[in-house]
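Below is one structure, written out as structure tokens; the observations come after it.
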Amino acid sequence: MTNRKSSSKEHAVDAARKRIKSNRIESSNIQDIARSVVAGHREDLAQAITLIESELSSDRPLAQRLLREVKTLTQSSEENKTVRIGITGIPGVGKSTFIERMGIDLINEGHRVAVLAVDPSSRRTRGSILGDKTRMDKLAVHGKAFVRPSPASDALGGVARATMEAILLCEAAGFDRIIIETVGVGQSEIAVRDMVDVFILLLIEGAGDDVQGIKRGIVEMADLIVVHKADGKRIDACATTAQSYRNALHLFPLPEGGEVVDVMTASSLENIGHKEVRTKINHIIDAWKSNGWWIQQRTHQRSDRMTSHASELLFLKQLNDPSSEQHWQALKDEVVNDTRSAFSAAWEWVHRGGDKNT
Ligand SMILES: Nc1nc2c(ncn2[C@@H]2O[C@H](COP(=O)(O)OP(=O)(O)OP(=O)(O)O)[C@@H](O)[C@H]2O)c(=O)[nH]1
Ligand SMILES: [Mg+2]
């Protein structure tokens, strides 16, 4: 009975895939694509992510329908089984190498791993995560992994939205460990912090925050700090750096989740410290699940995202009206010329800009 059920389900998914092939993403086959994504077909997952990454406004309603279909096909309890991990650190600290190691280890523990990137610099380098600099050779071709470069976009907001939606699609496709790589030099890690459960900062030995090029505030956002490349001659220096960060962190207030931020050392090339890092992550997750922070954090993240999307959409909606756009430009000139304050200009635009009769 179960066999017959599952074979008829497979049959339906196969038929759906054929229909998708003959007619790529159209509003008529959104349900088919959603079904195929949920059945774990990577090609269709990639196709679905391409749709949600599209910046064509005509693709947005389609993308939203796809996300809604996928949501109705997956149970909300699935969400609790997935873990979203953010990895940040300056260029060259070894994030991709670290993720490759961690990804392979997680797969060996029975997980399916998706790796996504939020890398504003990839616009210049055209997707460094998969370019010639890639350190994820094994993961990129592994059957239980899915590696996706950063979407190309001029606006971090667009990249962040697409990445968050890609996380949801990957989870729906059965990937239960989602790792996001981001470069620790700008706003992107704040965006990533708001979309992951556990945020890990990789450091190199020696230098202080400023020398490492780490923006103030990033250390405070981390749930776990790893002094990376702790191998060869660097082992002692890494231990010293870890200790000085531990001392400094004592001065910080306890994070909301109630877990003290640990500073560990690891080498991805020598595979040192990775098991300890995974054990620590599991400990953090267990602690948060039992004290309620796990759910609370995800709930806050969802509701904050709705607020920020709504304000952006309202802004764009009002700007789309030609008379409102003219009004915007006129006010903007005044602000640029310093003849009006920014707040007063924004106030006038919001209160009059939408009304064509004024
Ligand atoms: N000694 C040592 N070198 C490492 C380790 N991990 C990475 N590296 C080296 O560090 C360099 C940068 O590694 P990546 O993984 O590309 O670093 P990244 O932080 O992802 O770099 P970007 O994506 O450019 O920001 C490479 O030459 C790696 O071989 C490590 O554990 N030990
Ligand atoms: Mg990298």
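The values are calculated or read from the model by the stated rules, or taken from the named source; none is laboratory data. This structure is a prediction, so every number in the text was calculated from the model and none was measured. Here the Cβ positions follow ideal geometry from the backbone for every residue, glycine too, while neighbour counts run over all protein chains shown. Areas reflect the complete protein model, heavy atoms only, side chains present, ligands, DNA and RNA absent. Shrake-Rupley method; radii C 1.70, N 1.55, O 1.52, S 1.80 Å.
Some values worked out for this structure:
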item	result
Listed residues S303, L319, V350: farthest to the positive end of the dipole of the range 299-352 (Cβ charges)	S303
Cα-Cα over 26 Å, subset of K138/K289; K95/K144; K71/K95; K71/K144	K138/K289; K71/K95
Between the range 295-358 and the range 262-292, the Cα center-to-center distance that results, in Å	42 Å
E100, E69, ranked by accessible area, largest first (probe 1.4 Å)	E69, E100
Efficiency of FRET from Cβ geometry, H111 and N291, R₀ 25 Å, rounded to 0.05	0.55
Chain lengthening between Q187 and A330 when straightened (0.36 nm per residue, less Cα-Cα)	48.5 nm
Net +/- balance of residues flanking D231 in space, Cβ distance below 11 Å, scoring K and R +1, D and E -1	+1
Among 242-248, 198-204, 315-321, the order from most to least packed when residues are scored by Cβ within 10 Å on average	198-204, 242-248, 315-321
Debye, to nearest 20: dipole size of the range 299-352, +1 on Lys, Arg Cβ, -1 on Asp, Glu Cβ	260 debye
